[in-house]
Amino acid sequence: MVSITINGREIKTDQEDITLLQLARSEGIGIPTLCFHKALLPYGACRLCVVEVTGGQNTKIVNSCAYPVREDGISVQTNTPKLKQIRKNILEFLLARCPEIDMVKKMASGLGVKEKRLPEKSLPEDQTEECILCGLCVRVCGEVIGKEAISFVHRGAEREVAAPFYSQSKDCVGCTACHFVCPTGAIKVKESGNKRFISPWNTEITLVTCEMCGISFAPENSGEYLQAKLGLPAEWLKLCPQCRRKVAAETMGKYDFTSRNVILKK
Ligand code: FES
């Protein structure tokens, strides 16, 4: 059992490897984040989740999303003037990079940020940039889907996320997990007929057609990969979600839904 204080409140935990962020949130203490997602490993890119940790005579500033709660008796502060200033500085840069993104504008105004950090002449030419470089899309592709369809390219102001050679990646399975985790809406998915288009990855995916109702619904090139990876039943490739629900309702009792793979009862 580890006992610490957060903002003066004593909190105990016996959860191994719980992070300061998780512990604080489980106690209703808010800490802002941008690059954190509970399905992914901590990355420590945005630094919005910084907190002050004091143990003995030493105080340090750490990323709470990646800091495991192991030391008994530490004292944590989540909202000191120093931390507020760090977060403000970060938001000023983000506002300069992505001035039109609602989420960035909202966070900035919540922290009282009105100015962009860069002088007018240094602002990026493209004022419609939507990517905040949180890396969630890259990490979900690698850690959850097990692919490397996209990655960070270039450095400094040129840094961005892209598919190899800016063209359709052979690794892309068209699952749209990247779109799902993107906090700013920078990754767009459109479907037309039996095609799925994912931008900005210049990706076009052919979809399979539901055997019952004829709508296109799942990526053709990768159905089997996703089926195996995510433990989906064989019907996943044949029927769209709506028809699957219909069949399940009609055949309720014939299938065992208790395991991750739906099994036909003998
Ligand atoms: S949420 Fe911790 S560094 Fe981004």
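FYI, it's all coordinate maths here, none of it is from the lab. For clarity, every value in this text was computed on a predicted model and none was experimentally measured. We place every Cβ from the backbone using ideal geometry, glycine too, and count neighbours over all the protein chains shown.
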Convex hull around the C-alpha positions of the chain: the volume in Å³ per residue is 173
Along region 40-51, Karplus-curve 3J(HN,Hα) (6.51, -1.76, 1.60; θ = phi - 60°) to the nearest Hz, with x for Gly and Pro, reads 10, 5, x, 10, x, 8, 8, 6, 6, 8, 4, 9
Under 18 Å by backbone N from the virtual spin label 7 Å along Cα-to-Cβ at Ser192, the residues of region 143-182 are 168
Per the rule of 0.36 nm per residue minus the C-alpha distance, extending Arg25 to Met1 adds in nm 6.8 nm
Out of Ile215, Gly8, Gln168 - ranked by how far each Cα lies towards the positive end of the dipole of the chain, with unit charges on the beta-carbon of charged residues - the top one is Gly8
Restricted to pairs 8 or more residues apart or on different chains, the lysines in region 136-264 with C-alpha atoms under 22 Å apart form a number of pairs equal to 15
So the compactness index of region 2-79, its C-alpha Rg divided by 2.2 N^0.38 Å, takes the value 1.00
So, with points 7 Å from each Cα along the Cβ direction, the Ser109-Thr13 label distance in nm works out to 3.3
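When the dipole is taken about the Cα centre of region 75-193, and only Lys, Arg (+1) and Asp, Glu (-1) are charged at their Cβ, what size is it in debye, to the nearest 20?
Working: 18 positive and 15 negative charges, 111 e Å.
Computed about the Cα centre, the dipole is about 540 debye.
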Going residue by residue through region 133-139, the Karplus relation 6.51 cos²θ - 1.76 cosθ + 1.60 with θ = phi - 60° gives ³J(HN,Hα) values, rounded to whole Hz and with x marking Gly or Pro, of 6, 6, x, 4, 5, 5, 6
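Taking the Cα centre of the chain as origin, sum charge times position over the Cβ atoms of Lys and Arg (+1) and Asp and Glu (-1), and report the length of that vector in debye to the nearest 20.
Values: 36 positive and 30 negative charges, 73 e Å.
Dipole about the Cα centre, nearest 20: 340 debye.
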Note to self: C-alpha centroids of region 1-55 and region 143-171 sit apart, in Å, by 30
